[in-house]
Amino acid sequence: MKGYKVILFDADHTVIDYLEDEKAVLRELLPTLGIEPTEETVCECDDISNETWDSAGLNKVSSPYIQKEYHRLYVEHTEELFKALFAKYPSNADPKATGLRFLKMLERPSILCEGAEEVLSKLAGKYTIGIATNAISALQRPRLTAIERWIDRVYISEEVGFIKPLPQFFTHILEDLGVKKEECLMVGDSLSSDIAGANASGIDSCWLNRAGRENKSTHTPTYEIRRLTELLSLLEEN
């Protein structure tokens, strides 16, 4: 028996749904910019958002530069998002101000990912439940209120001072909770931040691989699941 005492969950795309949150905000925001919020336009905006996120290097969390500048780039990529959007759908709005407004509108309880409520509600009280997320504090804290009744601790990279996958991020968590690394399990959808960070810290990891992607990275999770609810039976076995 593993004897886990702490289950750490990544936030976005694991238990809270950034994609659906973003789309909901865009449906409200676009009309104020003179852009019709059709489903096609909203999805196109989401594609542009992913492109500007990639262009900013925010997926390259192993880069020392990104590790240092992550939170600044997190905010600044929204300006690039709306610059690209306004190039296709002209608007008199300022891209930088619109990006900041977009982030502000996201500061509200998140839509939950499939299976999150069932899993969190069943694990609460049996384990110490923590959220371990790379994010801007002012943005993420309000979004996490959607699940706060099941959560014991929240660890946000901007507050911790380090991002996943840096071992210092996880060391901070272990020291704060007063537990051994063997007593923790990290659950997340990202091989490069969640799984890599757990591996580097000696913490067991569970990769939430909803799309059934092939793992072409060098980061090997302890466990792999396709649906979040599979975590319940996995914990019963361990």
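The values are calculated or read from the model by the stated rules, or taken from the named source; none is laboratory data. Only a predicted model underlies this, so the values are computations on that prediction, with no experimental measurement involved. FYI the Cβ positions are ideal-geometry reconstructions off the backbone, even for glycines, and counts take in every protein chain you see. Areas reflect the complete protein model, heavy atoms only, side chains present, ligands, DNA and RNA absent. Shrake-Rupley method; radii C 1.70, N 1.55, O 1.52, S 1.80 Å.
Within segment 91-100, is even one residue acidic (Asp, Glu) and closer than 29 Å to Val15 by Cβ? Reasoning before the result, please.
Of the residues in segment 91-100, the ones acidic (Asp, Glu) are 94.
So of that shortlist, the ones also closer than 29 Å to Val15 by Cβ come out as none.
So far as segment 91-100 goes, no, none of its residues is acidic (Asp, Glu) and closer than 29 Å to Val15 by Cβ.
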**Request:** Answer yes or no: is there a residue in segment 93-104 that is surrounded by 19 or more Cβ atoms within 10 Å (Cβ to Cβ) and among the hydrophobic types (A, V, I, L, M, F, W, C).
**Result:** yes
**Asked** Counting only residues that are farther than 20 Å from Leu139 by Cβ and without any contact (Cβ under 8 Å) to a residue 40 or more places away in the chain, how many does segment 151-169 have?
**Response** 3
**Prompt:** Say we look at segment 185-233 and pick out the residues that are among the small types (Gly, Ala, Ser), in contact with a Pro (Cβ under 9 Å, 6 or more places away or on another chain) and free of Cβ contacts under 8 Å to residues at least 24 places away in the same chain; which of these is farthest from Gly130 (Cα to Cα)?
**Reply:** Gly202
**Request:** Identify all residues within segment 120-149 that are farther than 30 Å from Ile66 by Cβ and of a type in the set (A, V, I, L, M); write none if there are none.
**Result:** Leu123, Ala124
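Going through Thr128, Thr218 one at a time, which residue ends up being farther than 24 Å from Trp53 by Cβ, open to solvent by 40 Å² or more (accessible area, probe 1.4 Å) and β-branched (Val, Ile, Thr)? Walk me through it before giving the result.
Working: Thr218 fails: farther than 24 Å from Trp53 by Cβ.
Every option except Thr128 fails the conditions.
The rows are residues; the columns are (1) modelled with pLDDT of 95 or more; (2) at negative phi; (3) of a type in the set (Val, Ile, Thr).
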| residue | (1), (2), (3) |
| --- | --- |
| Lys5 | yes, yes, no |
| Val15 | yes, yes, yes |
| Val25 | yes, yes, yes |
| Glu28 | yes, yes, no |
| Pro31 | yes, yes, no |
| Glu44 | no, yes, no |
| Lys68 | yes, yes, no |
| Glu79 | yes, yes, no |
